[in-house]
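Structure first, commentary second.
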Amino acid sequence: MVVFSSVVCYLLAPKVSREDWSVLYVVLLFIGGYLVAGSANAINQTVERDTDALMKRTSVRPVAAGRMSVAEGWTFSIVAGAIGVAILSYFFNVLSGALAAFSLFLYAFVYTPLKKVNSVAVLVGAIPGALPCLIGWAAGNDAVFGFEGKTADWGGWALFLIQFLWQFPHFWAIAWIAHKDYSGAGFRLLPAEKGPTKFTAIQTVMYAVLLLPVCVLPYIIGLTEFESTKGKVCLALVMLSNIFLVVQCVRLYSQMNATAARRVMFSSYIYLPVVLLSLLASKT
């Protein structure tokens, strides 16, 4: 999902022409991003091998299950991460490589250990989770703080904000379903100390509602257009996706069970690609 969002945000960058984009560079960005994401996940699994072994959903992971040694896990992580960052830096620009390296560091060495300390880890983890949008944007636009003074060139931050907010209902739905596993291993990932509560459910609603105005930002700043028929259809799809996610989060607040949480989780999986592809289809 994060590699997918990185590629879409690359294609949304104003410097990347809708007519002249290169399949080769899309593949290179996908490979580079996939290696960095794989490195982050491998570090996570190597560091958390003991707690992974305690949880049903993670006990079969290679290091936790003993199919791969700790040394092999670290070797894979370092090699994959280094090659991924090198691909982004060489074929695109140093900025995208540096952002990928920062994202890798933040996920593996800040978010991962923080999960056992405080639920603020979810907030911290949402940053590297959303950085692929800026990585793709930087790869295509050679900047993240604007380009040639055009309003649309701040679109990378609008895309970052969409993916940043999206992660809260997405992840809390997962944490709700796997709460017994997580709490048994010592992870503190839900916003309420007592586990799945009304407070957690209302938080998912709040972040889903915040996505409604944020998803309009690309249209407001001129990154995408809504004047044509296609633009109107795409904007309608974005709004319907947002409303659908809000409804599922409200159902979670109302029903307070794992079934409702699972609906939020699967809705979030559908939401992100629909929104990003709709924005891409209506690119200015």
>> Can you pull out every residue in region 72-85 that is open to solvent by 70 Å² or more (accessible area, probe 1.4 Å) and not charged (D, E, K, R)?
In response: Trp74, Thr75, Phe76, Ile78, Val79, Ile83
>> Going residue by residue through region 266-273, is there one that turns out to be open to solvent by less than 80 Å² (accessible area, probe 1.4 Å), polar (S, T, N, Q) and touching a Cys at 6+ places or on another chain (Cβ under 6 Å)?
In response: no
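Being exposed (fewer than 15 other Cβ atoms within 10 Å of the Cβ) and in contact (Cβ under 8 Å) with a residue 40 or more places away in the chain narrows it down to one residue among Ala261, Ala281; which is it?
Values: Ala261 fails: exposed (fewer than 15 other Cβ atoms within 10 Å of the Cβ).
When all the criteria are applied, what remains is Ala281.
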>> Take the conditions closer than 16 Å to Ile162 by Cα, surrounded by 15 or more Cβ atoms within 10 Å (Cβ to Cβ), modelled with pLDDT of 95 or more and out of contact with any strand residue (DSSP E or B) (no Cβ under 9 Å at 6 or more places or on another chain) and apply them to Leu245. Does it pass?
In response: yes
>> Every residue in region 86-107 that is assigned to a loop (DSSP other than H, G, I, E, B) and either open to solvent by less than 30 Å² (accessible area, probe 1.4 Å) or of a type in the set (Lys, Arg) (or both), please.
In response: Asn93
> Restricting the search to region 7-44, which residues are touching a Gly at 6+ places or on another chain (Cβ under 9 Å), in contact (Cβ under 8 Å) with a residue 12 or more places away in the chain, more than 24 Å from Tyr111 (Cα to Cα) and open to solvent by 40 Å² or more (accessible area, probe 1.4 Å)?
Replying inline: Pro14, Lys15, Tyr25
> Among the residues of region 126-154, which ones are in a helix (DSSP H, G or I), at pLDDT below 90 and touching a helix residue (DSSP H, G or I) at 6+ places or on another chain (Cβ under 8 Å)?
Replying inline: Asn141, Asp153
> Which residue out of Val122, Val144, Val110 is of a type in the set (Val, Ile, Thr), free of Cβ contacts under 8 Å to residues at least 40 places away in the same chain and either open to solvent by less than 60 Å² (accessible area, probe 1.4 Å) or under 22 Å from Ile162 (Cβ atoms) (or both)?
Replying inline: Val110
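The values are calculated or read from the model by the stated rules, or taken from the named source; none is laboratory data. Because the structure is a prediction, the values reported are computed rather than measured. Virtual Cβ from ideal backbone geometry, glycine too; neighbours counted across all protein chains shown. What goes into the accessible areas is simple: the full protein's heavy atoms, side chains included, and nothing from ligands, DNA or RNA. Shrake-Rupley method; radii C 1.70, N 1.55, O 1.52, S 1.80 Å.
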